[in-house]
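Before any comments, here is the structure.
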Amino acid sequence: MKKYLTAFSLVLFSIVLWFLNGYSEQSLILKRISAPLQDVLFKVRYVSESRPESLNQIVVIAVDDESSFRLGVRWPWPRTIFASIIDELARKKAKVIGLNFSFTGLEGGKEDTTLALADSIRNHGHVVVGSTLDKDRPLRPVSLLLRAGAHYGYLEKIVDEDFLIRRSYLSRSYIQRAVEEPSFPLSIWKEAGQDPAALSDWKRKDGSYVINYLANDSDLKVIPAWKLLEGHISESQISGKIALVGITSSLMSEKHQTPLGLMSGVAVHANEYISFGESRRLHLAPRSITFGVSWILGMMLLVLLRARRFWLAGLGFLGCYFLIFLGAQFLFARDISLPLFLWLMGPTLALAIGTFANFMHLLFENKGLENRVIHDKMTGLYTYDYLRLRLDDEWKRCQKTMVPVSVVMTDLDRFKKINDTLGHEVGNQMILRASAVIKESVRGYDVVSRYGGDEFVILLWHANAQEAEAYRLRLRKMYEDMAKKLDEVRLQDSSISIGFASFDPKSDGENSQTPQQLIELADKNLFEDKESRRKPGEPKR
């Protein structure tokens, strides 16, 4: 049983792990479990490594609550203010300006503010304006005024089921567009003079890529818009840099959940640009390798569990978790992302299946031990000790429910003579034949036990004295019919003595009896039955 259970647990582990490996790609539930595990790697790496050099190329011009108060305006800000921000950044020689906003239509139905913004964009020449997209086409400004001289990039990100932003697209094509629409960070990358072809291998099969978060909001150089417009910023702080203009206030609903925590939309785009500049594409390890490693670790742990090396298996399980996290973090620091959930699934599943297999093994062992303890080794009938336990329980139940119970004792006649003349092997065969007849004579819920030697004790549930007497007659006839069919002539006259005692709470309730007294009465009745059938001059059987 142990061998088969071990083989079964190993096969079951392999099948379930293989199923989870494929199912995790489609299951929303498993994605919600695995995604936060991957986020842990971002947090650990962020704490353990220094900030990237490309971070110094970016400055954020913050549209925040303080600037709204200082400039005396409410959100949305007039386009003339954005025009002034672009002009000021141009004077301070910003290399590229990214407006993390989508300017649709005309402001207040008039063209003057849009014209002012268009002039500022055209004068600088390297301004990227955000756009929002629906399923069919980009929602660009209705007016043609901003289109001349401006470059566009869509602002939307992929929001996962748990509302975190982990992925984006470099570009997207739409039904009514013959060309692809670049993303906001990609458009800035192009305007900074970089080759978009260098990022062509970043796309996955579905066209998306995983955002490699290398910095947080607090790492960015943030300049409030009011300081820039009031001349508190020097040219050295802006010159030659990528200036991203965006909302940084949570009161303006511009905070998003990311693996590094809450982050402004402009900071998400900054992370994309930084990862471009550092050439740090997040590579996804092949699932086949992940599955193989997870399977090997799980199999090793499962073998230890089935070998009953529990302490070693426990240490191995903890060691697997530690090594997996350590190895995953080591590779993640080198921009190789592993499906951590599947790596951990191998040891976890092995622990669950191994524990279950050991429980079943223990259950089978206990069942086998129980059978050896409560069953007679020779006949397979219950032992007398087990019958006594059942009788004690039945005695209480009979008194409570007022139903009768009977105990029957049997003894083979002239059994010593059989042993002396025909041998003990023949005697053992007669015991086995008698046990078979007795087992056949009772009901399925009665208890038959071997008392010792050629003696048997039977517990008849719900049987009164009349029913016990009828049983005695039936059993005697069945035994004698069996004996007449034996090949050995000297055994054909073999017989059996049967005694019984009954207890009926309805009629015997006043008589103080115990289970032991009932057995003693049955033994006494057995002796009387044996004596009553002895022929004159026949020795005691």
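Can you name every residue in the stretch 401-447 that is aliphatic (A, V, I, L, M) and in a loop (DSSP other than H, G, I, E, B)? Show your work before the answer.
The initial filter retains those residues of the stretch 401-447 that are aliphatic (A, V, I, L, M), namely 402-403, 405, 407-409, 412, 418, 422, 426, 430-432, 434, 436-438, 442, 447.
402, 403, 442 - these are the residues of the stretch 401-447 that are aliphatic (A, V, I, L, M) and in a loop (DSSP other than H, G, I, E, B).
Pairs under 8 Å by beta carbon, first residue assigned to a strand (DSSP E or B) in the stretch 202-226, partner at pLDDT below 90 and among the small types (Gly, Ala, Ser), six or more apart or different chains?
Sorted first by the residue in the stretch 202-226, then by its partner, the pairs are 210/337.
Please pick out the residue among 42, 13 that is in the same structural domain as residue 351 (by TED's automatic domain parsing), crowded, with 19+ Cβ neighbours inside 10 Å and out of contact with any Lys or Arg (no Cβ under 8 Å at 6 or more places or on another chain).
On the way: 42 fails: in the same structural domain as residue 351 (by TED's automatic domain parsing).
Answer to the selection: 13.
Within 30 Å of residue 508 (Cβ to Cβ) and surrounded by fewer than 16 Cβ atoms within 10 Å (Cβ to Cβ), is that true of residue 416? Break it down into steps so the answer makes sense when it comes.
On the way: within 30 Å of residue 508 (Cβ to Cβ): no; surrounded by fewer than 16 Cβ atoms within 10 Å (Cβ to Cβ): yes.
Considered against the rule, which asks whether it is within 30 Å of residue 508 (Cβ to Cβ) and surrounded by fewer than 16 Cβ atoms within 10 Å (Cβ to Cβ), residue 416 comes out as no.
Can you tell me which residue within the stretch 440-496, out of those that are surrounded by fewer than 17 Cβ atoms within 10 Å (Cβ to Cβ) and of a type in the set (Asp, Glu), is farthest from the chain's Cα centre (by Cα)?
The residue in question is 493.
Hey, residue 187 hits all of (1) out of contact with any Pro (no Cβ under 7 Å at 6 or more places or on another chain); (2) of a type in the set (Ser, Thr, Tyr); (3) surrounded by fewer than 18 Cβ atoms within 10 Å (Cβ to Cβ) but one; which does it fall short on?
For residue 187, the failing item is (3).
Condition check: over 36 Å from the mean Cα position of the chain (by Cα) and either part of a loop (DSSP other than H, G, I, E, B) or basic (Lys, Arg) (or both). Does residue 246 satisfy that? Lay out the reasoning, then the answer.
Details: over 36 Å from the mean Cα position of the chain (by Cα): yes; either part of a loop (DSSP other than H, G, I, E, B) or basic (Lys, Arg) (or both): no.
When the stated conditions are applied, residue 246 does not pass them.
For residue 60, which of the numbered conditions (1) within 47 Å of the chain's Cα centre (by Cα); (2) part of a loop (DSSP other than H, G, I, E, B) fails to hold?
Here residue 60 meets the rest and fails (2).
Quick one: count up the residues across the stretch 66-110 that are among the hydroxyl-bearing types (Ser, Thr, Tyr), under 53 Å from the mean Cα position of the chain (by Cα) and farther than 27 Å from residue 273 by Cα. Spell out the reasoning first.
Narrowing the stretch 66-110 to residues among the hydroxyl-bearing types (Ser, Thr, Tyr): 67-68, 80, 84, 102, 104.
Next cut, under 53 Å from the mean Cα position of the chain (by Cα) only: 67-68, 102, 104.
If we keep only those that are farther than 27 Å from residue 273 by Cα too, we end up with 68.
Summing the residues that are among the hydroxyl-bearing types (Ser, Thr, Tyr), under 53 Å from the mean Cα position of the chain (by Cα) and farther than 27 Å from residue 273 by Cα in the stretch 66-110 gives 1.
If you take the residues of the stretch 67-94 that are out of contact with any strand residue (DSSP E or B) (no Cβ under 6 Å at 6 or more places or on another chain) and of a type in the set (D, E, K, R), which of them is surrounded by the fewest Cβ atoms within 10 Å (Cβ to Cβ)?
74
This table checks each residue for (1) hydroxyl-bearing (Ser, Thr, Tyr); (2) touching a residue at least 60 places away in the same chain (Cβ under 8 Å); (3) under 20 Å from residue 223 (Cβ atoms).
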residue	(1), (2), (3)
60	no, yes, yes
68	yes, no, yes
71	no, yes, yes
81	no, yes, yes
90	no, no, yes
94	no, yes, yes
97	no, yes, yes
101	no, yes, yes
113	yes, no, no
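Which residue pairs have Cβ atoms closer than 6 Å, lie 6 or more positions apart in sequence or on different chains, and pair a first residue in the stretch 276-301 that is in contact (Cβ under 8 Å) with a residue 40 or more places away in the chain and among the small types (Gly, Ala, Ser) with a second residue that is buried (at least 17 other Cβ atoms within 10 Å of the Cβ) and not in a helix (DSSP H, G or I)?
285/338
Of the conditions (1) charged (D, E, K, R); (2) assigned to a helix (DSSP H, G or I); (3) modelled with pLDDT of 85 or more, residue 367 satisfies every one except a single condition; which number is it?
(3)
In the stretch 99-106, is there at least one residue being part of a loop (DSSP other than H, G, I, E, B) and under 30 Å from residue 337 (Cβ atoms)? Even if it seems obvious, please write down each step before you answer.
Applying the first criterion (part of a loop (DSSP other than H, G, I, E, B)) to the stretch 99-106 yields 100-106.
If we keep only those that are under 30 Å from residue 337 (Cβ atoms) too, we end up with 100.
Checked against the condition, which is being part of a loop (DSSP other than H, G, I, E, B) and under 30 Å from residue 337 (Cβ atoms), the stretch 99-106 yields at least one hit.
Are there any pairs, at least 6 apart or on different chains, whose C-beta atoms fall under 9 Å, with the first in the stretch 473-486 and closer than 17 Å to residue 533 by Cα and the second basic (Lys, Arg) and assigned to a helix (DSSP H, G or I), and if so, which?
Filtered contacts from the stretch 473-486: 479/433.
Would you confirm whether any residue within the stretch 265-281 is surrounded by fewer than 16 Cβ atoms within 10 Å (Cβ to Cβ), hydroxyl-bearing (Ser, Thr, Tyr), over 25 Å from the mean Cα position of the chain (by Cα) and within 30 Å of residue 185 (Cα to Cα)?
Yes: one or more hits.
Return yes or no: is residue 231 surrounded by fewer than 19 Cβ atoms within 10 Å (Cβ to Cβ) and over 45 Å from the mean Cα position of the chain (by Cα)?
On the way: surrounded by fewer than 19 Cβ atoms within 10 Å (Cβ to Cβ): yes; over 45 Å from the mean Cα position of the chain (by Cα): yes.
Criteria met by residue 231.
Of all residues in the stretch 318-340, how many are assigned to a helix (DSSP H, G or I) and modelled with pLDDT under 85? Break it down stepwise before answering.
At the first step, the residues of the stretch 318-340 found to be assigned to a helix (DSSP H, G or I) are 318-332, 340.
Next, only the ones that are modelled with pLDDT under 85 stay: 340.
Qualifying residue count for the region: 1.
With respect to residue 506, is the statement that it is modelled with pLDDT under 85, in a helix (DSSP H, G or I) and in the same structural domain as residue 436 (by TED's automatic domain parsing) true? Before the answer, list the steps.
On the way: modelled with pLDDT under 85: yes; in a helix (DSSP H, G or I): yes; in the same structural domain as residue 436 (by TED's automatic domain parsing): yes.
Yes.
Pairs needed: first member in the stretch 351-364, in the same structural domain as residue 294 (by TED's automatic domain parsing); second member anywhere, assigned to a helix (DSSP H, G or I) and at pLDDT below 80; C-beta distance under 6 Å; at least 6 residues apart or different chains.
Note: pairs meeting the criteria are 354/305; 357/5; 361/5.
Which ones in the stretch 497-513 are polar (S, T, N, Q) and exposed (fewer than 12 other Cβ atoms within 10 Å of the Cβ)?
Applying the first criterion (polar (S, T, N, Q)) to the stretch 497-513 yields 497, 502, 507, 511-513.
Result: 511, 512.
Across the stretch 316-334, which residue is surrounded by the most Cβ atoms within 10 Å (Cβ to Cβ) among those that are among the aliphatic types (A, V, I, L, M) and touching a residue at least 60 places away in the same chain (Cβ under 8 Å)? Reasoning before the result, please.
Kept after step one, since they are among the aliphatic types (A, V, I, L, M), are these residues of the stretch 316-334: 318, 323-324, 326, 328, 331, 333.
Okay, now just the ones that are also touching a residue at least 60 places away in the same chain (Cβ under 8 Å), so 328, 333.
Numbers: 328: 24, 333: 13.
Step by step, filter the stretch 316-334, then rank; the result is 328.
Please go through the stretch 282-311 and pick out each residue that is of a type in the set (A, V, I, L, M, F, W, C), surrounded by 14 or more Cβ atoms within 10 Å (Cβ to Cβ) and part of a helix (DSSP H, G or I). Steps first, answer last, please.
Within the stretch 282-311, the first condition is being of a type in the set (A, V, I, L, M, F, W, C), and the residues that meet it are 282, 284-285, 289, 291, 293, 295-297, 299-305, 307, 310-311.
In the following step, the residues that additionally are surrounded by 14 or more Cβ atoms within 10 Å (Cβ to Cβ) were identified as 282, 284-285, 291, 293, 295, 297, 299-305.
Scanning the stretch 282-311 gives 291, 293, 295, 297, 299, 300, 301, 302, 303, 304, 305.
Just checking, which of 81, 29 is assigned to a helix (DSSP H, G or I), β-branched (Val, Ile, Thr) and modelled with pLDDT under 80? Step through it out loud before you land on a result.
Details: 81 fails: modelled with pLDDT under 80.
Checking each option against the conditions leaves just 29.
The values are calculated or read from the model by the stated rules, or taken from the named source; none is laboratory data. Just so you know, these numbers come straight off a predicted model, no measurement behind them. With ideal geometry, Cβ positions are generated from the backbone for all residues, glycine too; neighbour counts draw on all protein chains shown.
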